[in-house]
Amino acid sequence: MRISMEWLREWVPVEESAQEFGHRLTMAGLELDAIEDAAPAFSGVRVGKVLAVAPHPDADRLRVCQVDAGTGETLSIVCGASNVFEGMRAPVACVGAVLPGDFRIKRSKLRGVESRGMLCSAVELGLAESSDGLMDLPADAPVGADFREWLGLDDRILEVDLTPNRADCLGMLGIAREAGVLLGQPVQGPAIESVTPAVDDAIEVRVADEDACPVYAARMISGLDPNARTPLWMRERLRRCGLRPLHPVVDVTNYVMLELGQPMHAFAADAVGPVITVRFGETGDRLQLLNGNEIEPGPQDLLIVGQDGPVALAGIMGGEHSAVTASTTRIVLESAHFSPRALAGRARVHGLHTDASHRFERGVDPTIPIYAMERATALILQIAGGSPGPVVHAGKIPTAHADDLIRLRRDRITHVLGLALGPTEVERVLAGLGCLVDAVDDGWQVRPLRARFDLTREEDLIEELARIHGYERLPQTLPPATAPVASAEQETIDRRKRELADMGFHEVISFSFVAPDWAEAFYPEVQGLALANPISSELAVMRPGLWPGLVRTAAHNLARQRSDLRLFEHGLRFVPDASGLRQEARLGGLLCGRAEPEHWQASRRLVDFFDAKGVVESLLANAEGSVRFLPTAHPALHDGQSARVLLDGHGVGWLGALHPSLRERFDVPELFLFELDAVVLSHAHVPSFSSLSAFPAIRRDLALVMDQDVAAGEVLAAVAELDLPVLQETRLFDVYRGKGLGENEKSVALGLILRAFDRTLDESDVNSVTKAVVELLEARFGAKRR
């Protein structure tokens, strides 16, 4: 929202500078983004009157003008503008003036004719990006007056970034109300009175869905002057607020929107017909918008419909066929309240974002459509003349204040703010914000303005008191210290996250929304839940897993020369099923780049499948159950380098290398992913002490030849099933393929660590264990001892 300080001072006596007032707004929650000058620096420009215009004796396109600039003498100025005429008032840069860009005006000769100044266009003064000639000033502009001072160009513009809940400040009315209560000053807006109909010319209004459009008002105005021009004061206010003047009627509707916060629209009456209807889109509807785009409205698009079909996308943009043009003399003026729920996201669906949609999506005061209609009518009649018909409206105009009372307790204010505000101050602030306030025994009963959609409960009112009183003035009172107690499950997850950090991983937090094509690429078996109103097309479905966010983050870092990455994320995945939407906690990770940090003694080996597998094994080291890795294909993982993670035979996650096709698609190098059920990780068994044996250990190594398809994990799991008391550990320390073995064979070397707690083992004990292991592996896998 752009705020002209000069315009604001017409509503509220603001004596502070723009910087001081901008800081006050920021501290009250209306963040100041920037302060700009209303016009670039220039000096020496006066209001001049052209007394005579004669052709240049030596140039067909030049004119020699005699100009009164209030200096006591007539200035001869050579001008090339085609719109100059005798009697015209225009800005005059006298000799010695300095224009934007440090352009200095000197006495000169143009084609042999002396020129003592320059008649200026709006472009030359930095007041417009383009113009068709000199800046034509009103006939009552005082000749000789300092142009900058006369037009108030030393005004400052505040650019304020409003949060979505403060749509009430998207108009000068709301900003003035805020300024009044912050400064303790009265607010005085323009006097707006009802305009008496001059003719019976009226249009019939029909609303098909009153929930979507609770109020719709329309008024016919005929006999407009097609030669009317928007007055300079209005064009200037529009310019300073970031809008471009277009046509007197359109400029009035924009002006009222900036003034009162109520978007309006004007239709060419002949294009609308005798009846105007508000309804949702139907099959066969088509509409060409003012921007030239042609759309086919859907059943969720609210439309304004005339005799020949849709004439506007309600609350968003009008249609080209019904637009007001320079020849229009009869209009239908619209002022309506559209429900934010009905318009939410509809502009974005059609690739639009307009001033009207920005306001209606956030909520516009439902009580002011008629008020805005009368204001716009009076301004149109003042500028373009015409005969107004009666205001016709559908729906009931609600009262200015909400129906529901909010109870505000004195002790609650003190408890929340740590500050006891006096009754007088509480009532001053709330009344200044437009609320109706009634004192009761323990506090107040409050009815806020309907324009304040964000005031619905006691805490909202307390926040308003804090804002206006000043956040920086609140005492710094610490609450009693109470240490939060994490659950055992959460503490276990936190330990796993710290463990990953100790291994060099960085935690990332990505959006819970992903692009539909990313979700399908990684989880084609899951139909992602589509959002009804996505932030963007790149964030349109709920994520069915963590891998898309991890890979996107990796791609972002890889593009910035961060090639060695270890990332993890703990978050929810969303899986639709027959019962609704399952939300499952997951822990996912990604590895790529070097296996060790760069160092002159370190190897340059890149991470591989077994590095990722080691991370998963470490995370599941204390899991309640037996962990296995089963080679299994996954659509997002490389064939032959993917595994299902099993805990007691139940799948709890996946592990593997990103599929080459996805690597090429997302432009990333070889990387490895894992994703585990976080619930399993949160239920780790509690470690317990076991006594140490005083007797020595014995190691016996075995080399076994077996089929190369036998997984090493299955071999270790089989040995563990023997549950031999003296077999404390089985280590896989070598795998060999090559000379001396068959084409489909491999040699697996196991180290058996044996120890007893009551005696020193002898050779018979060792042979017994070795025999049991070899016989089991022979029976189960066909293994043979080398």
Residue-wise, which Karplus ³J(HN,Hα) couplings in Hz belong to the stretch 559-574, taking 6.51 cos²θ - 1.76 cosθ + 1.60, θ = phi - 60°, and x for glycine or proline? 5, 10, 6, 9, 8, 9, 10, 9, 10, 9, 9, 10, x, 9, 10, 10
Inter-probe distance in nm under a simple model that places probes 7 Å from Cα toward Cβ, at GLU538 and GLN708: 4.4
Would any residue of the stretch 100-114 have its amide N under 18 Å from a label point 7 Å out along Cα→Cβ of ALA54? List them or say none. 108-114
Rolling a 1.4 angstrom probe over the protein heavy atoms, how many square angstrom per residue are accessible across the chain? 49
Listed values (i) 33.9; (ii) 37.4; (iii) 29.3, entry calculated as Kirkwood radius over Cα pairs in Å: (i)
Roughly how much of SER327 is accessible, in Å² to the nearest 10, using a 1.4 Å probe? 90
Dipole of the chain (Lys/Arg Cβ +1, Asp/Glu Cβ -1, origin at the Cα centre): which of GLY385, ALA703, ILE509 lies farthest to the positive side? ALA703
Ranked highest first by the average count of other Cβ atoms within 10 Å around their residues, in what order do 598-605, 533-540 fall? 533-540, 598-605
On the formula 1/(1 + (r/R0)^6), with r taken between the Cβ atoms of THR424 and GLN561 and R0 of 56 Å, the FRET efficiency rounded to 0.05 is 0.35
Separation in nanometres of the label points that stand 7 Å from Cα toward Cβ, at GLN66 and SER194: 5.6
Quick one: how many Å² of THR424 are accessible to a 1.4 Å probe, rounded to 10? 110
Per-residue HN-Hα couplings for the stretch 67-82, Karplus 6.51 cos²θ - 1.76 cosθ + 1.60 at θ = phi - 60°, whole Hz, x for Gly and Pro? 10, 9, 10, x, 8, x, 9, 7, 9, 9, 10, 8, 9, x, 6, 7
For the chain, what is the charge dipole size about the Cα centre, in debye to the nearest 20, if Lys and Arg each add +1 at the Cβ and Asp and Glu each add -1 at the Cβ? 1420
Residues of type lysines that LYS746 reaches as a straight line, Cα spacing below 20 Å, ignoring anything fewer than 8 places off in the same chain: LYS784
Express the carbon and sulfur contribution to the solvent-accessible surface of the chain as a percent, rounded to the nearest whole number, probe 1.4 angstrom. 49
Work out from phi, with θ = phi - 60° and the Karplus expression 6.51 cos²θ - 1.76 cosθ + 1.60, the ³J(HN,Hα) of each residue of the stretch 399-409, listed in order in whole Hz, and give x for Gly and Pro. 5, 5, 10, 4, 6, 7, 7, 10, 7, 10, 9
Setting aside same-chain residues fewer than 8 positions from LYS613, which aspartates and glutamates have a Cα under 13 Å from its Cα? GLU675
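The values are calculated or read from the model by the stated rules, or taken from the named source; none is laboratory data. Because the structure is a prediction, the values reported are computed rather than measured. Using ideal geometry, Cβ is built from the backbone for each residue, glycine included, and neighbour counts are taken over all protein chains shown. Remember, those area values only see protein heavy atoms, side chains included, never the ligands or the DNA or RNA. Shrake-Rupley method; radii C 1.70, N 1.55, O 1.52, S 1.80 Å.
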